[in-house]
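A short write-up of the structure that comes next.
The values are calculated or read from the model by the stated rules, or taken from the named source; none is laboratory data. All of these numbers come straight from a predicted model, not from anything done at the bench. All Cβ positions, even for glycine, are placed from backbone atoms using ideal geometry, and neighbour counts span all protein chains on display. Quick note on the areas: whole protein, heavy atoms, side chains included, nothing else; ligands and nucleic acids left out. Shrake-Rupley method; radii C 1.70, N 1.55, O 1.52, S 1.80 Å.
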Amino acid sequence: MHVTGVVLGFVIGLSLGLLGGGGSILTVPVFVYILGFGAKDSIAMSLAVVGTTSLVGAVGHWREGHVNVRAATIFGAVAIVGTYLGTRLATRLSGAEQLAIFAAVMLVAAGYMLRGRQADAGSPAAQTSASVASTAIRGLVVGSLTGLVGVGGGFLIVPALVWSGLPMRDAVGTSLLVIAMNCVMGFYGYVGQVKVAWLSVALVTAGTMPGIATGTYAMRFVSQQALRRGFAVLLLGVAAYMLYRTLRA
C-alpha cells in the first residue's frame with residue numbers, strides 16, 4: 001500500500017506539472033477506490049495533497065518566470081469565496097452525492113479537453129474579450145467545486161487565464177498558485193469534520209513531488225494537445241467507473 005501510494009502520487013504530480021491541473025481529479029478516486037477511504041475523508045485528504053503539491057509546482061514555474069502573481073491574486077481571491085461556500089454546501093450532502101457530482105465534473109472536463117481548442121494566448125483579441133464579470137464567475141465556480149468535491153479546478157483555471165491574455169505556460173504556472181490557495185481554504189473548511197490519515201497523505205505527497213518536478217520540466221517537450229486528449233480519455237474511463245460504483249451503492 002505504501003509503494004502504491006507513492007507511485008500513484010507520482011502520476012498525480014506529473015499531471016499537475018504538465019497540465020496545471022488534473023491532479024485532484026485523480027487524487028480523490030485514488031483515495032476512495034484504491035486506498036479505501038470514505039468519500040468525505042478522501043476529498044479533504046485530496047485537498048491537502050494537491051494544495052501542497054501545487055504550491056511546490058508553482059514555485060518551480062515562478063523560478064522559470066511563468067507565474068503571474070497579480071493574476072493569481074485576483075482570480076484566487078474570488079475563488080476562495082466560492083471555496084468557502086462550497087465547503088458549507090458539502091456538509092448538507094452525503095459522500096455518495098459528492099462522488100456523483102465529482103464524476104459529472106470529470107465528464108465536463110473530459111469533454112472540454114477533447115475539444116482541444118485554446119484561446120489565442122496573449123493576442124489583443126484574447127485580452128479585450130475577457131471581462132471582469134466573466135472572470136469573477138469562473139472564479140466562483142472553480143472555488144465552489146474545490147470546496148464541494150475537492151477539485152482544484154485547473155482544467156477551468158487554465159483556459160480562463162489564457163482567455164484573459166496569459167500565454168499557455170504562464171497560465172499553467174499561475175493556475176498552480178491559484179489551486180494551492182483554493183486547497184488551503186477548502187481543507188480548512190473540512191477541519192474537525194473528517195478524519196485525516198496523515199501517513200497516507202504524506203506517502204501520496206511524497207510521490208507527487210518528483211512527479212510535478214518531472215512534469216514541469218517535460219512540459220517544454222510534450223505536445224499539449226495530444227496530452228490533453230489522452231488525459232481526457234482517462235477521465236472518461238474513471239468517471240464512468242465512479243458513476244457505476246456510485247449508482248450501485
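What number of residues in region 192-209 are open to solvent by 60 Å² or more (accessible area, probe 1.4 Å) and in contact (Cβ under 8 Å) with a residue 12 or more places away in the chain?
Count: 2.
For region 65-89, what are the residues that are over 17 Å from the mean Cα position of the chain (by Cα) and not β-branched (V, I, T)?
Passing the criteria: G65, H66, N68, R70, A71, L85, R88, L89.
Does any residue of region 170-183 turn out to be part of a helix (DSSP H, G or I) and among the charged types (D, E, K, R)? Quick ask: steps written out before the conclusion?
Taking region 170-183 as the starting set, the residues that turn out to be part of a helix (DSSP H, G or I) are 170-183.
Retained after the next criterion (residues that are among the charged types (D, E, K, R)): 170.
Looking for residues that are part of a helix (DSSP H, G or I) and among the charged types (D, E, K, R), one finds at least one in region 170-183, hence yes.
Looking at region 208-249 only, could you name the residues that are more than 25 Å from G95 (Cα to Cα) and not in a helix (DSSP H, G or I)?
M219, R220, F221, V222, S223
I'd like to know if region 217-225 contains one or more residues that are of a type in the set (V, I, T), surrounded by fewer than 18 Cβ atoms within 10 Å (Cβ to Cβ) and out of contact with any Gly (no Cβ under 8 Å at 6 or more places or on another chain).
Checking region 217-225: at least one residue is of a type in the set (V, I, T), surrounded by fewer than 18 Cβ atoms within 10 Å (Cβ to Cβ) and out of contact with any Gly (no Cβ under 8 Å at 6 or more places or on another chain).
Hey, could you check region 7-21 for residues that are more than 14 Å from V222 (Cα to Cα) and small (G, A, S) and say which is modelled with the highest pLDDT?
Residue satisfying both the conditions and the ranking: G9.
Is it true that A71 is under 24 Å from S200 (Cβ atoms), surrounded by fewer than 24 Cβ atoms within 10 Å (Cβ to Cβ) and in contact (Cβ under 8 Å) with a residue 40 or more places away in the chain?
Numbers: under 24 Å from S200 (Cβ atoms): no; surrounded by fewer than 24 Cβ atoms within 10 Å (Cβ to Cβ): yes; in contact (Cβ under 8 Å) with a residue 40 or more places away in the chain: yes.
So A71 does not fit the description; no.
Just one of G116, G143 is modelled with pLDDT under 80 and open to solvent by less than 70 Å² (accessible area, probe 1.4 Å); which is it?
G116
Among the numbered criteria (1) open to solvent by 30 Å² or more (accessible area, probe 1.4 Å); (2) more than 30 Å from G36 (Cα to Cα), which one does L177 miss?
Of everything listed in (1) open to solvent by 30 Å² or more (accessible area, probe 1.4 Å); (2) more than 30 Å from G36 (Cα to Cα), L177 misses just condition (2).
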